[in-house]
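**Q** A single structure is presented below for examination.
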Amino acid sequence: MAYDTKNVFAKILRGEIPCQRVYEDEHVLAFKDINPKAPVHILVIPKGEYASFMEFSTHASQDEVANFFAAIAKIVKALKLPESGFRLVVNNGPDSGEEVPHFHMHILGGKRLGGMA
Ligand code: 5GP
């Protein structure tokens with residue numbers, strides 16, 4: 001799948017539209033979801049141009065993949081989520097309802113999340 005450089009997360013990465021940043025390193029940016037589904041709703045994205053989870057898992061370097069998951073762990077610890085619990089969600093492709101074609105992982109927490117819909 002060709003990467004669409006006009007997608008909203010590409011614009012956030014280029015600084016063309018603002019975000020509420022919660023974490024950043026060489027490979028990763030994390031920011032608050034604009035339409036939160038829980039008291040904590042963070043989006044974590046790689047800085048590389050990967051349109052989906054499948055693109056990221058197939059084409060990202062081992063460093064990028066390891067760094068991505070390490071960043072998730074740092075963020076949930078910084079937000080003190082491990083004790084109360086949290087959910088990680090990735091949508092991939094049409095059946096999932098994925099809206100933005102830049103790989104992202106949702107971190108949800110801060111309340112009882114209920115069952116998976
Ligand atoms: P998806 O359904 O693709 O897994 O999730 C995309 C998420 O991006 C949605 O939860 C949506 O609220 C969020 N989102 C869409 N546009 C923006 C934006 O401009 N800024 C931020 N912070 N989040 C956005």
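Quick grid of which residues meet (1) in contact (Cβ under 8 Å) with a residue 24 or more places away in the chain; (2) β-branched (V, I, T):
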residue	(1), (2)
K6	no, no
P18	no, no
I34	no, yes
V40	yes, yes
E49	yes, no
P82	no, no
F86	yes, no
G97	no, no
H102	yes, no
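**Q** Got at least one residue in region 80-88 being within 21 Å of E24 (Cβ to Cβ) and of a type in the set (S, T, Y)?
**A** Within region 80-88, none of the residues are within 21 Å of E24 (Cβ to Cβ) and of a type in the set (S, T, Y).
**Q** State which residue is nearest to K111 (Cα to Cα) when the search covers only region 57-75 and only residues that are assigned to a helix (DSSP H, G or I) and open to solvent by less than 30 Å² (accessible area, probe 1.4 Å). Can you show your working first?
**A** First pass over region 57-75, keeping only residues assigned to a helix (DSSP H, G or I): 57-59, 62-75.
Now restrict to residues that are open to solvent by less than 30 Å² (accessible area, probe 1.4 Å): 68, 71-72, 75.
Working: F68: 24, A71: 22, I72: 19, I75: 17 Å.
So, considering only residues that are assigned to a helix (DSSP H, G or I) and open to solvent by less than 30 Å² (accessible area, probe 1.4 Å), the one nearest to K111 (Cα to Cα) is I75.
**Q** Restricting to region 4-31, and then to whatever is open to solvent by 70 Å² or more (accessible area, probe 1.4 Å) and touching a strand residue (DSSP E or B) at 6+ places or on another chain (Cβ under 6 Å), can you tell me which residue is farthest from A78 (Cα to Cα)?
**A** Per the criteria, the residue is Q20.
**Q** Now, a different point. Take region 1-56 and flag every residue that is outside any loop (DSSP other than H, G, I, E, B), within 11 Å of the ligand (Cβ to nearest atom) and not aliphatic (A, V, I, L, M).
**A** F9, K11, R21, F31, K32, H41, F53
**Q** Quick check, is N92 among the polar types (S, T, N, Q), open to solvent by less than 90 Å² (accessible area, probe 1.4 Å) and within 16 Å of the ligand (Cβ to nearest atom)? Lay out the reasoning, then the answer.
**A** Numbers: among the polar types (S, T, N, Q): yes; open to solvent by less than 90 Å² (accessible area, probe 1.4 Å): yes; within 16 Å of the ligand (Cβ to nearest atom): yes.
Answer is yes for this residue.
The values are calculated or read from the model by the stated rules, or taken from the named source; none is laboratory data. None of these values were measured; they are calculated from a predicted model. Positions of Cβ are backbone-derived with ideal geometry, glycine not excepted, and every protein chain shown enters the neighbour counts. Just the protein is used for accessible areas: all its heavy atoms, side chains included, with ligands, DNA and RNA removed. Shrake-Rupley method; radii C 1.70, N 1.55, O 1.52, S 1.80 Å.
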